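Below is one structure, written out as structure tokens, with a few remarks after it.
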Amino acid sequence: MKQFLIVGMDTFGHILCRNLAKYRCEIMIADKRPEKLDDLLSVVDSAKCGDCTNEDVLRSYGIPDFDVCFVCVGANFQASLQISSLLKELGARKVITKASNEIQAKFLLRNGADQIIYPENDIAERIAMRESNDKIFDAVELGGDYAIYELMPHKHWIGKTLRELNFRVKYKLIVVAVKNEKGEIILPNADYKFRPDHHMLVVGRPEDVKDY
């Protein structure tokens with residue numbers, strides 16, 4: 001069972017905590033405001049009220065024991081920077097820190113953070129992609145230039161197989177799964193025939209998806 005520390009229990013910290021709890025992870029949460037911890041006490045293993053910019057406070061948490069430490073401090077960038085740096089100094093295996101922009105990310109990566117997350121940017125990109133094309137239902141970034149997209153099949157694909165369409169070569173997209181009308185996932189082979197009530201889950205780049 002993986003162990004996680006989440007520092008900063010504003011909106012993003014709450015959402016992250018509740019989602020990690022679904023996977024039966026061991027979770028410690030921390031914030032200097034006790035009211036930010038109360039509603040999560042039933043889903044975490046421990047909760048600490050303290051100022052995490054204080055080295056002695058962080059040290060008392062047993063930082064090397066955690067697989068990942070998340071820094072989800074809200075608008076206080078200085079605190080986020082300081083906590084990320086202290087976590088690494090105290091032996092954190094992996095530090096993932098929330099940032100608002102690339103300038104913040106640059107400083108955080110130089111001062112303790114191993115990985116940066118941009119919650120607002122990621123949500124905005126997914127909404128923009130989904131709403132700009134009626135055939136795109138969702139998108140999840142994989143890193144680099146690639147993402148997984150949920151797409152509706154074209155009418156002229158219906159009844160044809162992946163092999164017949166030479167799909168991967170022609171469209172530069174890889175079909176990794178198909179979702180049927182019941183929401184069930186099907187793993188297709190080259191002889192899978194497209195159906196109008198099925199959605200495709202494909203891996204590709206934005207430039208290939210927008211014109212598919």
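The values are calculated or read from the model by the stated rules, or taken from the named source; none is laboratory data. Since we're looking at a predicted model, the values are computed, not measured. Quick reminder, even Gly has a Cβ in these numbers, built from the backbone with ideal geometry, and neighbours come from all protein chains shown.
Please list, ordered by residue number, the strands (runs of 3 or more DSSP E) wholly in the range 88-157 having 1 or more residues that are crowded, with 17+ Cβ neighbours inside 10 Å, at pLDDT below 85 and touching a Lys or Arg at 6+ places or on another chain (Cβ under 6 Å).
Of the strands (runs of 3 or more DSSP E) lying wholly inside the range 88-157, those with at least 1 residues that are crowded, with 17+ Cβ neighbours inside 10 Å, at pLDDT below 85 and touching a Lys or Arg at 6+ places or on another chain (Cβ under 6 Å) span 136-143.
Would you point out the residue of the range 174-193, among those that are in a strand (DSSP E or B) and either without any contact (Cβ under 8 Å) to a residue 24 or more places away in the chain or not hydrophobic (A, V, I, L, M, F, W, C) (or both), that is surrounded by the fewest Cβ atoms within 10 Å (Cβ to Cβ)? First the steps, then the outcome.
In the first step, residues of the range 174-193 are kept if they are in a strand (DSSP E or B); the result is 174-179, 185-186, 193.
Imposing the further condition that a residue be either without any contact (Cβ under 8 Å) to a residue 24 or more places away in the chain or not hydrophobic (A, V, I, L, M, F, W, C) (or both) reduces the set to 178-179, 185-186, 193.
Numbers: Val178: 20, Lys179: 16, Ile185: 10, Ile186: 12, Lys193: 14.
Across the range 174-193, the extreme among qualifying residues is Ile185.
For the structure I just gave you, tell me whether Leu58 is over 22 Å from the mean Cα position of the chain (by Cα) and in a helix (DSSP H, G or I).
Against the criterion (over 22 Å from the mean Cα position of the chain (by Cα) and in a helix (DSSP H, G or I)), Leu58 qualifies.
Can you report the number of residues in the range 40-65 which are touching a helix residue (DSSP H, G or I) at 6+ places or on another chain (Cβ under 8 Å) and farther than 22 Å from Gln78 by Cα?
4
For the range 22-49, name all the residues that are over 18 Å from Phe12 (Cβ atoms) and not in a helix (DSSP H, G or I).
Taking the range 22-49 as the starting set, the residues that turn out to be over 18 Å from Phe12 (Cβ atoms) are 24, 26, 34, 41-42, 45-46, 48-49.
Scanning the range 22-49 gives Arg24, Glu26, Leu41, Ser42, Asp45, Ser46, Lys48, Cys49.
Give the number of residues within the range 8-21 that are within 24 Å of Asn111 (Cβ to Cβ) and either among the polar types (S, T, N, Q) or in a loop (DSSP other than H, G, I, E, B) (or both).
3
If you check Gly8 against the conditions, is it surrounded by fewer than 17 Cβ atoms within 10 Å (Cβ to Cβ) and among the small types (Gly, Ala, Ser)?
Against the criterion (surrounded by fewer than 17 Cβ atoms within 10 Å (Cβ to Cβ) and among the small types (Gly, Ala, Ser)), Gly8 does not qualify.
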